[in-house]
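One structure below.
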Amino acid sequence: MIDQGAFLDRLPHPLSPRSRQFLSLWQQWRGSRRLPERGDIDWAGLGELREHAMLVDARGHDMVHVTYAGARLAQYCGFDPTGYNYLDFTMAENRSWRAHLTLAQLAQPCGYLLYYTLRFGDGRVLPLECTGVPLNRDGRDEPTLILSCAVPLARMEPIGPADPDSYLIGEGMRFLDIGFGLPKMVPAAIQDGAPLQ
């Protein structure tokens, strides 16, 4: 039996209200189970958070397939990233580390918190707070899916896509304990010469 309150009580501070809302919705889908399944995602219930959501399917160390990307994320990219490999959204030298972090989240399982600062052509910047949590494929016991939500921490209407270099690497990544502990690694620190997420 999962202690439903404990996960939400352990969330770090400060954390934006919209990120807390997203994680609370995931907890509702999970209920007393270990993890929710893909079919439990209430896309309508996400409301405007759906525009900021991304669902990826980790198919191995070389492929983390983007199966859904919200309209706001497509706006930031300048194209719809659905169907792309999430690992392609970082530098070549970072792909292995990003894959390692993704697979570690699923193996534990655990959630994550991460920040990006998007830069736009007019000189403005937009900080994003990204949280992600694992799900099982329908009818499976082991998670391969991660649903994330990237909420802006400032009010700003982007003009054109963000500079791609500004979303190659996130900052301050940390794992979130969803009831099963955390991987024995520090995701925001360089380890064994590996680059940052």
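Nothing in this text is a laboratory measurement; each read-out follows from the coordinates by a stated rule. Keep in mind the model is a prediction, meaning the values are calculated, not measured. All Cβ positions, glycine included, derive from the backbone under ideal geometry; neighbour counts span all protein chains shown.
Numbers at a glance
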quantity: In order through the stretch 89-99: 3J(HN,Hα) via Karplus (6.51 cos²θ - 1.76 cosθ + 1.60), integer Hz, x for Gly, Pro; calculated: 8, 8, 5, 4, 6, 9, 4, 5, 5, 4, 4
quantity: The stretch 36-186: antiparallel DSSP beta bridges as a percent of all, rounded to 5; calculated: 95 percent
quantity: Net dipole in debye of the chain [+1 Lys, Arg Cβ; -1 Asp, Glu Cβ; about Cα centre; nearest 20]; calculated: 320 debye
quantity: GNM flexibility winner over the chain from E51, E93, E129 (Cα, springs under 10 Å); calculated: E93
quantity: Computed Kirkwood radius, in angstrom, where 1/r is averaged over Cα pairs of the chain; calculated: 17.0 Å
quantity: Alpha carbon centroid spacing (whole Å) that separates the stretch 114-139 from the stretch 32-57; calculated: 15 Å
quantity: Surrounding net charge for G170, when Lys and Arg each add one and Asp and Glu each subtract one, Cβ distance under 12 Å; calculated: 0
quantity: Per-residue HN-Hα couplings for the stretch 13-28 [Karplus 6.51, -1.76, 1.60; θ = phi - 60°; Hz; x = Gly/Pro]; calculated: 10, x, 9, 5, x, 6, 5, 4, 4, 4, 5, 5, 4, 4, 4, 4
quantity: Residue-wise HN-Hα coupling along the stretch 169-174, computed from phi with Karplus coefficients 6.51, -1.76, 1.60 (Hz; x: Gly, Pro); calculated: 9, x, 10, x, 4, 9
quantity: Choice from C77, C130, C110 showing the highest fluctuation, given a GNM over the chain with Cα pairs closer than 10 Å; calculated: C77
